[in-house]
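The values are calculated or read from the model by the stated rules, or taken from the named source; none is laboratory data. Worth saying up front: this structure is predicted, and the values here are computed from it rather than measured. Using ideal geometry, Cβ is built from the backbone for each residue, glycine included, and neighbour counts are taken over all protein chains shown. All accessible areas refer to the heavy atoms of the entire protein, side chains included, with ligands and DNA or RNA removed. Shrake-Rupley method; radii C 1.70, N 1.55, O 1.52, S 1.80 Å.
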Amino acid sequence: MEKKAEHNIKAYGKNFTTMTPGKFAIKLRTCKIWQFIRFIVINIKMLIVVRKSH
Amino acid sequence: MARLVVLGGGVSGHTAATFAAKWLGSAHEVVVVTPNSKWNWIPSNIWVGVGEMSKEEVTFDLAPVYAKAGINYKQAKAVSINPEGVESSDKPFVTIEYTLAGREGEVENVEYDYLINATGPKLNFGATEGLGDANGLGEFTVSVCTADHAVHANEEFQKCIQKMKQGERQKFLIGTGHGMCTCQGAAFEYIFNIEHELKKAGVRDMADIKWISNESFLGDFGVGGLHMKSMGFAVSSKIFAESLFTERDVDWIIGAHVNKVEKGKVHYELLDGSMGEEEFDFSMLIPPFAGVGLKAYGKDGSDITDTVFAPNGFMKVDANYSAGSYENWSASDWPKTYQNPTYSNMFACGIAFAPPHPISKPMSSPNGTPISPTPPRTGMPSGIIGKAVAHSICDRILKGENAPLHEASMAHMGAACVASAGKGIFDGTAAAMTIYPVVPDFEKYPGTGRDTDYTFGEIGLAGHWIKHILHHLFIWKAKLKAGWTMIPE
Ligand SMILES: Cc1cc2nc3c(=O)[nH]c(=O)nc-3n(C[C@H](O)[C@H](O)[C@H](O)COP(=O)(O)OP(=O)(O)OC[C@H]3O[C@@H](n4cnc5c(N)ncnc54)[C@H](O)[C@@H]3O)c2cc1C
């Protein structure tokens with residue numbers, strides 16, 4: 001079983017104050033259906049910024 | 001007939017030259033002077049550096065493209081500019097030295113009516129002992145800044161994988177090779193692509209991966225960091241970056257000026273003035289950038305390089321170079337038209353223009369060593385600026401010398417950036433980000449300096465798909481294939 005991202009935190013080390021994603025958040029990153037939706041959303045957001053910049 | 005000479009056929013110069021050739025038609029001449037025979041989509045060098053793409057997939061021959069566009073292509077490097085001509089002629093010219101096989105070293109003076117300097121960066125490996133010398137990359141580290149460098153980087157990377165498969169632990173050190181580097185984004189992409197490939201090869205547990213950079217906080221990226229809207233919060237890029245580094249078990253050293261590289265070891269100074277050493281088996285360190293070292297001469301042959309270029313070798317444009325300390329900086333310091341203040345027919349675009357000052361707050365160690373990122377000029381701003389400059393020049397040629405110049409300030413412009421964190425059609429990820437504006441405007445957007453409605457970021461497979469599509473789209477555009485003008489910069 002893959003270890004949880006939070007297990008990489010070193011107590012009182014430099015990464016102690018950050019946030020780490022849980023399994024569900026990590027799963028969503030490569031979930032094809034969810035990412036297809038995000039693909040459309042990100043493209044729209046990027047096109048708006050591109051339009052504002054030209 | 002007017003002649004526009006474009007120095008440099010990279011992202012910015014190629015955009016400027018191809019649009020100018022289209023807008024000017026055959027009544028005027030566009031000349032491109034660039035030393036390489038091939039165009040390189042530099043962002044994909046990251047994938048060449050981990051063996052996921054070949055050099056051929058990220059480059060193509062320029063000659064047929066320029067022939068199709070009616071551009072006069074000279075495979076040569078510019079050496080100097082005479083913006084006032086010489087005593088016997090007022091006509092300005094550039095002196096070029098051919099790199100074309102069979103004509104190497106041949107010198108020619110090319111006269112111009114308008115000049116665009118888009119020569120990009122000199123990869124200044126020589127600034128750090130052991131990182132390289134004036135001739136380029138040294139023997140201890142690798143680079144992904146050119147396609148050839150990336151091929152070499154992958155060869156070394158594959159050797160490390162073999163060693164790990166034989167049970168030998170390996171240390172990877174990726175980041176910036178000097179206190180005054182920019183382009184942290186490229187190193188960021190490379191470290192996570194390395195991590196992803198090691199996982200794929202089944203040897204991730206045999207590797208210690210460490211980041212070293214001149215940023216004062218993780219996620220600075222040379223733009224002073226950015227705040228992105230996420231889950232109803234405006235979240236700093238520091239949180240996002242630290243989160244990703246922790247998730248992928250990548251350690252970091254920040255605020256570091258690498259001052260010496262030896263075989264298997266770097267020496268560095270930190271912002272607190274302390275000195276340190278870090279060992280490595282494989283290291284990719286981005287060199288600092290400088291101007292390519294063009295000289296400029298007056299009519300009488302006197303050296304006027306200081307008039308035309310800033311001390312770092314980048315060309316002076318319509319920026320406010322006397323803004324002084326960080327507290328006095330303003331968004332209006334940033335150039336709008338990229339016209340040289342002394343010679344109105346000369347422009348600079350992309351990395352070749354001298355920025356007024358950094359974007360990140362300058363910092364130095366108690367020993368006086370400056371350690372903070374210099375300003376990046378990524379692909380989208382470089383392309384947009386190139387196009388705006390070409391537009392200005394074409395208007396002046398076609399409509400008259402007083403035609404108004406087009407503006408493209410980085411303080412009014414956003415950028416879309418997709419930073420790969422691993423390649424794979426179903427298991428790849430990339431951080432898709434937009435930032436608006438690139439240069440923060442603290443008067444217009446108090447607090448974060450940016451519009452958080454248009455500054456966002458998220459990591460996922462969708463970002464990777466976008467990055468992959470952009471690879472094909474930009475190569476398509478650069479080859480001037482059907483519909484190329486519709487693809488935005
Ligand atoms: C590894 C890496 C990854 C990157 N990834 C991204 C990314 O994902 N997204 C992004 O937006 N940006 C990225 N960038 C930055 C992007 O590549 C630059 O912003 C862009 O290339 C700048 O364009 P430019 O035209 O100013 O310079 P360049 O593209 O470097 O072009 C300069 C050209 O000038 C030529 N030249 C040099 N000297 C002379 C001379 N004396 N005479 C004539 N010509 C000369 C060079 O050969 C070159 O062709 C990356 C950079 C690197 C190094």
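Computed values, structure above
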| read-out | value |
| --- | --- |
| Hits in the range B:324-367 - residues which are under 20 Å from B:S213 (Cβ atoms), in a loop (DSSP other than H, G, I, E, B) and open to solvent by 30 Å² or more (accessible area, probe 1.4 Å) | B:P358, B:K361, B:P362, B:M363, B:P366, B:N367 |
| B:I385 being of a type in the set (A, V, I, L, M, F, W, C), open to solvent by 20 Å² or more (accessible area, probe 1.4 Å) and outside any loop (DSSP other than H, G, I, E, B) | no |
| Failed item, numbered, when B:L270 is tested on (1) more than 15 Å from B:I371 (Cβ to Cβ); (2) surrounded by fewer than 22 Cβ atoms within 10 Å (Cβ to Cβ); (3) not basic (K, R) | (1) |
| Members of the range B:390-420 that are in contact (Cβ under 8 Å) with a residue 24 or more places away in the chain, in a loop (DSSP other than H, G, I, E, B) and more than 16 Å from the ligand (Cβ to nearest atom) | B:L405, B:H406, B:E407, B:S409, B:A411, B:H412 |
| Count of the range B:449-460 residues which are open to solvent by 10 Å² or more (accessible area, probe 1.4 Å), at pLDDT 95 or above and over 23 Å from the mean Cα position of the chain (by Cα) | 1 |
| One residue from B:I209, B:I286 being in contact with a strand residue (DSSP E or B) (Cβ under 7 Å, 6 or more places away or on another chain) and away from the ligand (no atom under 16 Å from the Cβ) | B:I209 |
| Of the criteria (1) within 19 Å of B:L473 (Cβ to Cβ); (2) facing chain B (nearest Cβ under 7 Å), which one A:T18 fails | (1) |
| Answer from B:F309, B:F347, B:F314 - the residue that is among the aromatic types (F, W, Y) and under 17 Å from the mean Cα position of the chain (by Cα) | B:F314 |
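Here is a yes/no grid of residues against (1) open to solvent by less than 10 Å² (accessible area, probe 1.4 Å); (2) more than 8 Å from the ligand (Cβ to nearest atom); (3) touching a strand residue (DSSP E or B) at 6+ places or on another chain (Cβ under 8 Å):
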{"residue": "B:T18", "(1), (2), (3)": "yes, yes, no"}
{"residue": "B:A21", "(1), (2), (3)": "no, yes, yes"}
{"residue": "B:H28", "(1), (2), (3)": "no, yes, yes"}
{"residue": "B:I42", "(1), (2), (3)": "no, no, no"}
{"residue": "B:S54", "(1), (2), (3)": "no, yes, no"}
{"residue": "B:E57", "(1), (2), (3)": "no, yes, no"}
{"residue": "B:L62", "(1), (2), (3)": "yes, yes, yes"}
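Results for (1) without any contact (Cβ under 8 Å) to a residue 24 or more places away in the chain; (2) closer than 21 Å to B:T429 by Cβ, shown as yes or no for each residue.
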residue	(1), (2)
B:G232	yes, no
B:F240	no, yes
B:R248	no, yes
B:K263	no, no
B:G273	no, no
B:F280	no, no
B:S283	no, no
